[in-house]
Amino acid sequence: MATTTAPVIKHRIESIDILRGLVMLIMAIDHIRDFFHQGHPEPTDLAVTTPILFFTRWITHFCAPAFVFLSGMSAYLAGTRRTENQLSIFLVKRGLWLIVVELVLITLAITLNPFYNVLILQVIWAIGGSFILLGLLIWARASLPVIGIIGVIIFFGHNILDHVDPGAISKTFAWRLLLSAQGFGAYYPLGANRGILMAYALLPWTGVMLVGYVFGSLYKSTVNVARRRKILLYSGLWLLLLFFVFRAFNIYGDPSPWSVQKTLSLSIISFFNVTKYPCSLLYLGMTIGTSLVILSLTEHVKNKFTSILIIFGNVPFFYYLCHWYLIRIFTVIVFFAQGFNTSQIVDPKQPVLFQPNGMGFNLFGVYVIWFLVMAILYWPCKWYSNYKRTHQQWWLSYI
C-alpha cells in the first residue's frame, strides 16, 4: 500500500498574529489617505487639521512600531528552530531581501515610475536593516542580556541627540540614513533628477527590534502563561505612564513639545501629536506601550473578529506588498474616472505619478476605499495563510 504524508501544520502564536493583523489593517488607512484625500491637508498641522482627520493619522502611528517590535519577537522565535549561526545567516539574508524589495517593488508601487527617479526607504527598509544588525550581533555571540541592553540604550537614549549639535556630520549620507530622517524624509541626491528619500532613520527602529527580540523570549514553552501576560501588561502600562508624565511636563523624549491651544480639541491634538520621523521615545512609549497591553489581553481570545485579524497577521509581508499595488490600481482607475488625462499623469513637482491636484475624495470616501481594499485582500490572504501553514518550502520564510 502507498503511504501518504499529511501536511505539517505550523504552530503560530495567535495573540501576536492578532496584533499584527490589527496594525496591518489600520496601516492601510494612512496609505489610502495619502493618495485619495482631496487637497491632501496635513493631519498634524494644527492650523488646518480637525479631530477626525488627526485621529485618522494618529491611529496609524501604532502600526510601524508594532510591526518592527513584532518582527523582533518573530526573529527570536525563528531562533528557537535554528542554531545561532543559522539564525544569523537567516536574518542577514532576510534583511538584504527586504531592502531589495523596498527599493524595487515597493518604490515602484508607490511612485509607479519605472525609471526609479526616487528610491524610497520606509518601514521595510528599517526592518531589513535592523534584521541585518541583529543578525550581526548574534553572529558576534552577543547574549540576550547584551542585545537587550543595547536595545534599551537606543530606545530610551536616542533623543539625547535632540540636544546635541552634530555639526557638519549631520549633512552626511550616513548620518541621515542611520540617525536623522529630518521630518518625513531627508532627500539625498544621486545625480540629476535622481535621489533617495530616507523616510525612516535606521538606528531608532533597530532599538525597537532589539527590545522586541528580548520580549520574544517570553514566548518560550518554559515560560508560564500568567507570568508572561503580567510582564507584558505591566511593561505596557509602565511605558504608557512614562509617555503621559514625560509628555505632560515636556521633560524629555520628543523634539516637539506640546502646548495649550485656543480650543480643548486642539490642545488634546497637540498633546498626542508626537514625532514619528525619526521616531521619538514618547512616540514609542505611546505605541509600544499600547501594543504590549493588547498582547497581554488578547492571549486566548477567540471570536470572529480576531479570526479575521489572524488571517491578515499570518501573512504580513504578502499583505503589505499586495495592498500597495491594489491601492495604486485604484488610483489609476479614479484618475481616469474623475476626468484627468494622460498629460496629467506626470507632475514635475513630485516623483509620484497619477497624483494631479484636485484628484480624490473627502475623508468619508477615503474610508470607503479602505473598506474595499480590506474586503478584496481578505480572500487572497486567507488562501496564502492556509498555504503557508501546510507547506514547507524555504521561500515561504521570505514572503
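Read-outs throughout are calculated quantities, based only on the coordinates presented, and are distinct from any laboratory measurement. Every value quoted in this text rests on a predicted model; they were computed, and no experiment measured them. Here Cβ is always computed from backbone atoms with ideal geometry, including for glycine, and neighbour counts include all displayed protein chains.
List residues of segment 287-307, by number, whose backbone nitrogen lies under 17 Å from a label position 7 Å along Cα→C-beta of residue 233.
Once the point is set 7 Å along Cα→Cβ of residue 233, 289-302 turn out to lie under 17 Å by backbone N, inside segment 287-307.
What is the mean projected area of the alpha carbon convex hull for segment 272-344, to one decimal in square nanometres?
That works out to 8.6 nm².
How compact is segment 185-252 by the rule of thumb for globular proteins, expressed as Cα Rg over 2.2 N^0.38 Å?
1.74
Among 238, 138, 49, which residue has its Cα positioned farthest towards the positive end of the charge dipole of the chain, with +1 placed on the Cβ of Lys and Arg, -1 on the Cβ of Asp and Glu, and the dipole taken about the Cα centre?
The Cα lying farthest towards the positive end belongs to 138.
Rounded to the nearest Å, what's the spacing between the alpha carbon centres of segment 9-59 and segment 331-399? Just the number, please.
Here the answer is 14 Å between Cα centres.
Say each of residue 175 and residue 249 gets a label point 7 Å from the Cα, pointing the same way as Cα to Cβ; how far apart are those two points in nm?
With each label point 7 Å from Cα toward Cβ, the separation is 3.2 nm.
Using the scaling law 2.2 N^0.38 Å as the reference, what is the normalised Cα Rg of segment 116-162? Please list the in-between numbers first.
On the way: Rg = 13.8 Å, N = 47, 2.2 N^0.38 = 9.5 Å.
Rounded to two decimals, the normalised Rg is 1.46.
Which pairs, out of 302/388; 93/349; 220/302; 171/349; 93/304, put more than 31 Å between their alpha-carbon atoms?
93/349; 93/304, as the Cα separations exceed 31 Å there.
Using Cα-Cα distances under 8 Å and only pairs 6 or more residues apart, what relative contact order does the chain have, in percent?
Values: 569 pairs, mean separation 109.8, N = 399.
Result for the chain is 28 percent.
Can you bin every Cα-Cα distance in the chain into 10 Å intervals starting at zero and give me the percent of pairs per bin, rounded to whole numbers?
Binned Cα distances yield the sequence 5, 21, 32, 28, 12, 3, 0, 0, 0.
Taking the Cα centre of the chain as the origin, how large is its charge dipole in debye, to the nearest 20, when only Lys and Arg (+1) and Asp and Glu (-1) carry charge on their Cβ atoms?
1100 debye
Before rounding to the nearest 500, sum -39500 (n - 2.57) across all DSSP H runs of length at least 4 in the chain and divide by the residue total; then give [θ] at 222 nm in deg cm²/dmol. Don't skip to the end; give the middle numbers.
Numbers: 15 runs with 233 residues, N = 399.
It lands at -19500 deg cm²/dmol.
Going through the DSSP H helices of the chain, which span 27 Å or more along their own axis at the Cα atoms while scoring at least -0.5 as a mean Kyte-Doolittle hydropathy?
TM-like helix candidates: 14-36, 225-248, 316-337, 363-390.
What is the set of long-range amide H partners of residue 37 at a cut-off below 5 Å, with H atoms built 1.01 Å from backbone N?
Residues meeting the criterion, in which the H sits 1.01 Å from N, are 361.
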